[in-house]
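For reference, the structure is listed below as structure tokens.
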Amino acid sequence: MKQRSVRSFAAALSAMAVIVSAAACTTKAPTGTDGRSPEDAKIAFLMPDIASTRYELYDAPLFRAKVKDLCGGCEVLYQNAGGDAAKQQQQADSALAQGADVIVIDPVDSAAAASTVRTAQGRGVPVIAYDRPIPAVKADYYVSFDNEKIGSMIGASLVEHLKATSAEGGLLQVNGSPTDAAAGLIKKGVHSAVDSSGFDLLAEYDTPAWEPGKAQSWVSGQIAKFPGRIAGVVAANDGTGGGSIAAFKAAGAAVPPVTGNDAELAAAQRIIQGDQYNTISKPITTVAEAAATAAFAFARGEKPRGDTKLFGTPSELFTPTVVTKENIAEVLVGDGKPLKTAEVCTTTYAAACAGIGLT
């Protein structure tokens with residue numbers, strides 16, 4: 001009996017050692033999907049298209065820089081879908097196959113991106129919706145500027161200008177992509193500003209994939225349909241705004257005030273030249289760095305709360321600034337601003353820049 005007791009006691013000690021050892025391993029276990037520590041996390045950054053120049057020039061480099069600053073050993077898996085929702089789904093699947101610990105996605109198609117969220121979350125990988133929301137399912141986090149407010153701001157700015165200049169006629173509304181939920185929010189915001197403005201809405205158009213050429217083609221048709229009756233154009237971004245302006249120039253018609261959004265370099269030049277009335281300054285550094293910070297938090301096993309909710313998703317929404325010729329030097333162009341004077345005020349625009357004090 002005594003010998004059995006000793007053996008039983010030894011076995012119990014051995015079992016306890018195994019449990020303690022397993023618990024210790026669990027405590028120290030890295031959080032990466034393939035055993036990596038958070039400091040070696042893989043973060044997928046999936047952008048939607050190249051129709052807007054911002055993703056390649058600003059979003060991706062700024063996101064990478066912030067991730068590197070937070071986590072020197074982390075790897076950013078960057079892909080651009082080129083406006084193809086199916087391709088973006090493949091890129092997301094590839095990122096998961098490569099062991100992505102977090103996915104940050106700006107969806108080509110907000111509805112189609114729901115399957116990406118489900119697949120990733122099913123594998124325990126959190127998803128951050130970037131710039132464009134995913135209404136059909138709850139992503140783990142959403143980072144953007146307030147898109148509905150953007151729409152109301154550009155619309156109200158244009159209406160105020162038209163009233164101040166005693167403009168006559170109606171408006172064209174050039175919306176963004178019908179598959180982009182952010183475009184839907186901008187559209188809603190625009191309507192809140194223009195529907196009760198006293199200016200008739202002559203026509204509106206949802207621009208497939210935000211393509212400037214398609215916006216230009218549609219506006220060309222409206223110029224022929226409403227000759228001399230278009231007082232202004234509310235365009236949802238700088239690409240569609242640029243396409244709208246090109247349509248008036250191609251028709252040999254005077255260019256009315258045209259809105260924009262994104263504060264692209266070409267838009268800044270058009271504003272300084274007098275071809276575009278406004279744009280929206282939403283420093284991409286703000287959203288890119290916020291998304292990178294949230295992504296690294298998720299990689300560490302934390303859950304950012306956000307400051308509000310949109311479509312049931314914890315969200316971080318920033319307030320943008322309307323930019324016109326009157327405040328472009330103060331807000332957008334110059335030392336310490338998003339755009340440098342030298343890159344905006346090229347030879348073509350030098351005289352116009354000098355006229356507003358940009359030298």
Exposure ranking of L62, L332 by accessible area [1.4 Å probe, largest first]: L62, L332
To the nearest whole percent, what portion of all C-alpha pairs in region 226-359 is separated by more than 17 angstrom? 65
With all distinct Cα pairs included, what does the Kirkwood hydrodynamic radius of region 144-289 come out to in Å, to one decimal, could you say? 14.8
Quickly work out the D307-to-D335 label distance, labels modelled 7 Å from Cα along the C-beta direction, and quote it in nm with one decimal. 3.0
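As a test of the definition: which semi-axes, in Å, follow for region 309-359 when you take the square root of five times each eigenvalue of its alpha carbon gyration tensor? Largest first, please.
Equivalent ellipsoid semi-axes, largest first: 33, 11, 9 Å.
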Which value in nm describes the separation of the simple spin-label points at T321 and A136, placed 7 Å from the Cα toward the beta carbon? 3.8
Show me, for region 328-335, the HN-Hα J-couplings you get by feeding each phi into the Karplus relation (A = 6.51, B = -1.76, C = 1.60, θ = phi - 60°), rounded to Hz, glycine and proline as x. 5, 6, 7, 9, 10, 10, x, 4
Please report the orientation-averaged projected area of region 269-341, defined via the convex hull of its C-alpha atoms, in nm². 6.5
Provide the convex hull volume over Cα atoms per residue for region 67-224, in Å³. 132
Lys and Arg at +1, Asp and Glu at -1: neighbours of P133 with Cβ under 13 Å from its Cβ sum to -4
Helix 2-28 vs. the chain, principal-axis angle (Cα, 0 to 90°, nearest 10): 10
Evaluate the distance, in nm, between pseudo-label points positioned 7 Å from the Cα of A97 and of K163 along their respective Cα→Cβ axes. 5.7
Once you keep just the Cα pairs under 8 angstrom separated by 6 or more residues, what percentage relative contact order results for region 133-242? 35
For the chain, report the accessible area per residue in Å² (1.4 Å probe, heavy atoms, rounded to an integer). 44
As a test of the formula, what do you get for the chain when each DSSP H run with n ≥ 4 contributes -39,500 (n - 2.57) and the sum is divided by the residue count, at 222 nm and rounded to the nearest 500 deg cm²/dmol? -14000 deg cm²/dmol
Relative to 2.2 N^0.38 Å, what does the C-alpha radius of gyration of region 259-309 come to as a ratio? Two decimals please. 1.69
quick note, the chain, DSSP beta bridge pairs, % antiparallel (nearest 5) is 15
Relative contact order in percent for region 34-187 (Cα pairs under 8 Å, 6+ apart) equals 21
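Within the chain, which is the longest segment that contains none of the GluC sites (Glu not before Pro) sitting in a DSSP loop with at most 15 other Cβ atoms within 10 Å?
Here the longest segment lacking exposed loop sites spans 1-167.
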Sorted from largest to smallest, which semi-axis lengths in Å does the alpha carbon gyration tensor of the chain give for its equivalent ellipsoid, taking the root of 5 times each eigenvalue? 51, 21, 16
Quick check: the angle from helix 113-122's long axis to the longest principal axis of the chain, C-alpha only, nearest 10 degrees? 10
Using alpha carbons only: equivalent-ellipsoid semi-axes of region 156-195, gyration tensor based, whole Å: 24, 10, 7
Just the number, please: carbon plus sulfur as a percent of the accessible area of region 149-205, 1.4 Å probe, no ligands or DNA/RNA counted. 50
I'd like the accessible area for H161, computed on protein heavy atoms only with a 1.4 Å probe and all protein chains in place. Round to 10 Å², please. 50
What percent does the relative contact order of region 178-268 come to when contacts are Cα pairs within less than 8 Å and at least six residues apart? 26
Give me the orientation-averaged projected area of the Cα convex hull of region 58-150, in nm², one decimal. 6.3
Measure nothing fancy, just the Cα-based angle from helix 181-194's long axis to the longest principal axis of the chain, in degrees from 0 to 90, nearest 10. 40
For region 208-273, treating each Cα as an identical point scatterer without solvent, what Debye log10 I(q)/I(0) comes out at q = 0.14, 0.25, 0.28, 0.29 1/Å? -0.35, -1.09, -1.31, -1.37
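The values are calculated or read from the model by the stated rules, or taken from the named source; none is laboratory data. Since the structure is predicted, the reported quantities are computational estimates derived from the model, not experimental observations. For neighbour counting, all protein chains shown are included, and Cβ atoms are generated from backbone atoms with ideal geometry for every residue, glycine included. Remember, those area values only see protein heavy atoms, side chains included, never the ligands or the DNA or RNA. Shrake-Rupley method; radii C 1.70, N 1.55, O 1.52, S 1.80 Å.
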